[in-house]
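Below: the structure, in structure tokens.
Bear in mind that the values in this text are calculations on the coordinates, not laboratory data. Fair warning: this is a prediction, and the values are worked out from it, not measured in the lab. FYI the Cβ positions are ideal-geometry reconstructions off the backbone, even for glycines, and counts take in every protein chain you see.
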Amino acid sequence: MGKLILAFDPGASVGFAALSSDGRLTVTRTIWANDLDAFLQHLRVKLFPAEYDVVVEKSPEFQHHSPVTKRVEAILVEEYPEAHLVQPSQWKNHPVSRRKLQGQLTQHERDAAHLALWFQSRRDSAHQAADATGADAGSSRR
């Protein structure tokens, strides 16, 4: 459970948020698509050898998106093949998506931060369910 969460909201400007293992929002940024490669290189150096989960908002297939947005998504998936791709409809109606965030954030930064918080709540719920199932299995063997 103690992994960082890196969340990306792709577009011509890319929202980025990092959530610490204890659930604190540590960094938010807006990165221009043209600067994404340099930013990802910076993350590789800064994060090595930290463990982290990556979550990327995936554009709905039925909507037309600019070539820039598609290119940004492709770059992120290539950089993070293990990334969790999430449709906006999966997280935008969750209560955490309405949580008030501190600071003056751009819309992309807010979306990335809420996406990270949503992913953390989902990941923590899955771990709690697995722990409960393991505890039940252990007690049933007695």
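Assorted remarks:
- Arranged from fewest to most other beta-carbon atoms within 10 Å of their beta carbon, Glu79, Glu57 become Glu79, Glu57.
- Across the stretch 2-74, Cα pairs under 8 Å and at least six residues apart give a relative contact order of 37 percent.
- Counting DSSP beta bridges with both ends in the stretch 4-140, the antiparallel % (nearest 5): 60
- 12 Å beta-carbon shell around Glu82, net charge (K/R +1, D/E -1): -3
- Contact order for the stretch 52-111, expressed relative to its length and based on alpha carbon pairs under 8 Å spaced 6+ residues apart, stands at 41 percent.
- Prolate/oblate/rounded call for the stretch 4-140, Cα gyration tensor, a/c under 1.5 rounded: prolate
- Structural descriptor for the stretch 4-140: relative contact order 32 percent, calculated from alpha carbon pairs under 8 angstrom and at least 6 residues apart.
- Pairs exceeding 24 Å between alpha-carbon atoms, taken from Lys3/Lys46; Lys3/Lys70; Lys70/Lys92; Lys58/Lys92: Lys3/Lys70.
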